[in-house]
Amino acid sequence: MIDQIIPLEEYERRRRNTPRFRRINTNDLMAKQFDPIRWIVPDYLPEGFSVLAGRQKLGKTWLALDVALAVATGGMAMGAIRVDVGDVLYLDLENGERRVQRRIETLYPDPRTRPDLSRLEFATETIPLDKGLIEALDDWRLSVPNPRLVVIDVLQRIKPPGRSTRNAYEQDYTAWSPLQRWATEHGIAVLGLHHTRKGGADDPLESLSGSNGLSACADTTLVLDRNGNGTTLYVRGRDVDEKESALDFSDGLWTLKGDASKLRVSGERQAVLDALLDAGEPMSPSDLAAILGLPNGTIRKRLFDMAKAGDIVREDRGRYRHPDTPSNISNVGNVPAKAHENQGLTVSGGGNIGGNVTDNAKGGNIDKSLNYNDFSINVTNVTKVTGD
């Protein structure tokens, strides 16, 4: 079939009415100058829309308040990271003014030493995203000299109702997109608090309550969790390197301890050292595996790595000891003098290497090795005596 030929004027008219991409040449793109990423908490919280998720009563609000206070005062976030000062809006939609006051008093009990907190403002009105929240945020942005951070505690309170024509993923992604666009456009961090589902997930981002639409829309996701290894803060995002950090929580204060994986390895090695020190003698991998409740293969690799690093000492027959525990040879002590059953040897000097041995046989000088309790003693300067 031959394509229909249309007049040039008609072609141009159709072309003007057809949606077109606004394209950019790669060379032009590479020549552009962009502002650097604006970090609210360096390496953890950049500009854009971020989600802080965790189980109930785990301390999410305390952590968000920690960050908000640090930014408002130009202090230290999580007791370890210096942040730039700026204006903060905290939308507390669950606790109310009285509880907020008590929490700040917990952190700063003495009014005389309390820093200036005027750059941190609170609001408790719930304005859904589809009922003017963006406009209200813009009003705050224009009213302060240096807007840096908005905290929304919790996101569920501002989520608009869904539509029956959309699935759960579409509902969540569509709901949070305006917030993400506003934060990105103005270089402000919006930190929304959210819950994780019961039972967790292999991937921390999949542990967020609801669909994956929220974590897909968010620029950064932070997951606060606690297990047998302690409390951790997992971070993943478009502008932040993936990391998992260990945290301590005490009296309302969060303290950053460092890389969780390194501390976890350190704790695992410390368990081996403690077990060896308690034993006071060399132990086999099987014995250590039973004490620590670990698979035999796991403990063997750990022992090999620790011995290679000089953390522990490998003894004979594949056993290991704590470096503060004396070796087997030095623990033998003085062996009581006794006659050797086969050679008629008597030992003086006990287990000390190089002790004097007398052989009740005829002849001149001989060299022998005497094994006593699996320890080898080199015997020299043996004196022959006459007799039957």
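Just so it is clear, none of the values below were taken in a lab; they were calculated from the coordinates. Everything numeric here is computed off the predicted structure, so don't read it as measured data. Every residue, glycine as well, gets a Cβ built from its backbone with ideal geometry; the counts of neighbours run over all protein chains shown.
Restriction of the chymotrypsin sites (Phe, Trp or Tyr not before Pro) in segment 22-123 to DSSP coil positions whose beta-carbon has at most 16 other beta-carbons within 10 angstrom yields F34. Placing one equal scatterer on every Cα of segment 128-228 and applying the Debye formula, the log10 ratio I(q)/I(0) at q = 0.17, 0.24 Å⁻¹ is -0.82, -1.40.
Amide H contacts under 5 Å for Y90: E121, F122, A123, V151, restricted to partners 5 or more places along the chain or on a different chain, H placed in the peptide plane at 1.01 Å from N. Modelled spin labels at L107 and A275, positioned 7 Å past Cα toward Cβ, are 4.2 nm from each other. Counting 0.36 nm for each residue step from R114 to K301 and taking away their Cα separation leaves a gain of 62.2 nm. Each peptide among 213-220, 184-191, 125-132 gets the average number of other Cβ atoms lying within 10 Å of its residues, and from highest to lowest they stand as 213-220, 184-191, 125-132. Over the C-alpha atoms of segment 1-90, the Rg to Rh ratio, Rh being the Kirkwood estimate, stands at 1.39. Of the trypsin sites (Lys or Arg not before Pro) in segment 176-245, the ones in a loop by DSSP (not H, G, I, E or B) with at most 16 other beta carbons within 10 Å are R197, K198, R238. Binning the C-alpha pair distances of segment 76-144 at 10 Å intervals from 0 yields a P(r) profile of 15, 41, 34, 9, 0 %, listed from the shortest bin outward.
Taking every Cα-Cα distance in segment 41-176 and sorting them into 10 Å bins from zero, the calculated P(r) comes out as 10, 39, 36, 12, 3, 0 percent.
If you wrap the tightest convex hull around every Cα atom of segment 18-64 and split its volume per residue, you get 153 Å³. All C-alpha pair distances within segment 182-260, sorted into 10 Å bins from zero, spread as 16, 46, 32, 6, 0 percent across the bins.
Convex hull volume of the C-alpha atoms in segment 264-329, normalised per residue: 77 Å³. With R₀ set to 45 Å, the beta-carbon distance separating F21 from S266 gives a calculated FRET efficiency near 0.30.
Across the cross-link table entries K243/K301; K32/K60; K60/K159, which are compared at the Cα atoms, the separations over 30 Å belong to K32/K60.
Within the shell of other residues whose beta carbon sits under 14 angstrom from the beta carbon of P128, the net charge comes to 0, with Lys and Arg scored +1 and Asp and Glu -1. Taking each residue as 0.36 nm, the span from I6 to E185 lengthens on full extension beyond its C-alpha to C-alpha distance by 60.1 nm.
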